[in-house]
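Below is one structure, written out as structure tokens; comments come after it.
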Amino acid sequence: MVVRTTSDSLKHVRRILKNWTTPLLPDDYSALINPLWSTRELRGVIRQITPAAEGSILIDIEPGWGVPVHFEAGQYIGIGVSVEGRYVWRSYSIVTAPTRRAKNFQICVRAVADGQLSNHLQDNARPGEAIRLAAPAGDFYLTDPIPHKLLFVTAGSGLTPVISMLRMLDDRRQLSDAVLIHSVRAKEELIFAEELDRLQEANPGLRVDIRVTSVDGRITIPQLEEMVPDFADRAPYACGPAQLLNELSAWWATGVDKPYALRTEHFTLDRASDARGGTVTFGNRGSVIADGATTILEAAESAGIRLPSGCRMGICQTCVQSLKEGHAHNLRTGETHEPGSRVRVCCTVANGDVTLDI
Ligand code: FES
């Protein structure tokens, strides 16, 4: 008996549609009727845009045909938006709780200096706009079983995955002993202010401390220890700028024994790894020496070799290439890729000499 999974069935339907519509692609017809119908990529449509705080907006995205809608609180989705004729990809945490089974994904976008997509969305996004999507992903979510005592340390947009966790815990009546220490540059930039008030009112076991860094300065580790004297007994989750996460990681790795590991979410690629780098050979198109912090995509570009790419963050799969020889290390997932594997070169570095089959 052949057991067909949902994804097998979708592929089967896509194949049939392609055969029917050749020489045009099924999408050439379906997009005329509904921009959410696509047989070759995941799509969504922006349904609503609302202000979240100064410089931040909430965007509701309706997922299209075939988009996996299951996610864990704390995970992100990738979105690809056409900017000046080319798709720009970024990942954003889903701020709704999976327990609410909402029809749409909601993300929070904050305009940042040099943030090409965030600035574009702030200025140009409109309800009805079709975008591309990558399935929910990420390993920043609550462990199962959920620890009784929790500590969240966040800053700026780092609150976005944690608000989803807090909402889910609230829905499940499991917010009995949690502390959130959140830093924000200015009071007007605080996102989810009303929701945090509501959560605290509904859950006496939740304590929220907001630190306004333009007034109080950046939080220090001694201050954190003073604010949460039982920190070592808590399961810690942190999301924010790299500097904060590095300080927290160094802190958590030293001192008294702690039963829980620190879990962090980096919004940018963390380039620290044990990968050695090496000579990267691109078929017969050339080779270049790259260190263990330079992605294979960047190495190709430094040698003048153009490879397809999209999000440059390991989410859209546009950059996938075959690894013919050698070992490569994925900075995003920590995986080691063996010869013969398909690798996302935008987030993968050489661990020794490697050859790509291109
Ligand atoms: S460019 Fe998107 S996964 Fe590599």
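A few points about this structure:
- Only helices reaching 30 angstrom along their own axis (Cα) with mean Kyte-Doolittle hydropathy no lower than -0.5 count here, and not one DSSP H run of the chain does.
- Förster-model FRET efficiency, 22 Å R0, Thr143 and Trp251, C-beta, rounded to 0.05: 0.65
- Here's how it looks for Gln75: its modeled amide H is under 5 Å from those of Ile94, which are all 5 or more places away or on a different chain.
- For Thr264, Thr336, the ranking by accessible surface with the largest value first comes to Thr336, Thr264, using a 1.4 Å probe.
- Where Met227, Met168 fall by accessible area, highest first, once all protein chains stay in place (1.4 Å): Met227, Met168
- Oblate is the label for segment 34-108. Its Cα gyration tensor axes, ordered a ≥ b ≥ c, give a/c of at least 1.5 and b/c at or above a/b.
- Since only Ser157, Ala137, Leu42 are under comparison, the one whose Cα sits farthest along the positive direction of the charge dipole of the chain, derived from C-beta charges on Lys, Arg, Asp and Glu, is Leu42.
- Tensor-based shape of the chain (alpha-carbon gyration tensor, a/c under 1.5 rounded, otherwise prolate or oblate): oblate
- The modelled label-to-label distance for the pair Lys187/Glu62, using points 7 Å beyond Cα in the direction of Cβ, is 4.0 nm.
- Shape category assigned to segment 150-265 from the gyration tensor of Cα positions, a/c cut at 1.5: oblate
- In the chain, the sites counted are trypsin sites (Lys or Arg not before Pro) in DSSP loop states with at most 12 other Cβ atoms within 10 Å, and the longest stretch holding none of them, exclusive of the sites, is 174-305.
- Estimated [θ] at 222 nm from DSSP helical runs (n ≥ 4, -39500 (n - 2.57)) normalised by residues in the chain, nearest 500: -7000 deg cm²/dmol
- Label point distance in nm, Asp274-Arg218, each placed 7 Å from Cα along Cα→Cβ: 2.9 nm
- Positive-end residue, the chain charge dipole about Cα centroid, Cβ charges, pick of Leu356, Ser118, Ala232: Leu356
- Hypothetical label at Arg306: residues of segment 272-293 whose amide nitrogen lies under 19 Å (7 Å Cα-Cβ projection): 282-287
- Label-point separation in nm, Asp171 to Gln116, each point 7 Å along Cα→Cβ: 3.5 nm
- Remark: relative contact order (the chain) = 12 percent; criterion is Cα-Cα distance under 8 angstrom and separation of 6 or more residues.
- Accessible area per residue, Å², the chain with all protein chains present, probe 1.4 Å: 50 Å²
- Each peptide in 140-147, 294-301 was scored by the mean count of other Cβ atoms within 10 Å over its residues; highest first, the order is 294-301, 140-147.
- When only the Cβ of Lys, Arg, Asp and Glu is charged (+1, +1, -1, -1), the dipole of the chain relative to its Cα centre reaches about 1260 debye.
- More than 18 Å apart - percent of Cα-Cα pairs taken over segment 149-217: 31 percent
The values are calculated or read from the model by the stated rules, or taken from the named source; none is laboratory data. Worth saying up front: this structure is predicted, and the values here are computed from it rather than measured. Using ideal geometry, Cβ is built from the backbone for each residue, glycine included, and neighbour counts are taken over all protein chains shown. Accessible surface is based on the protein model in full, side chains and every heavy atom, while ligands, DNA and RNA are left aside. Shrake-Rupley method; radii C 1.70, N 1.55, O 1.52, S 1.80 Å.
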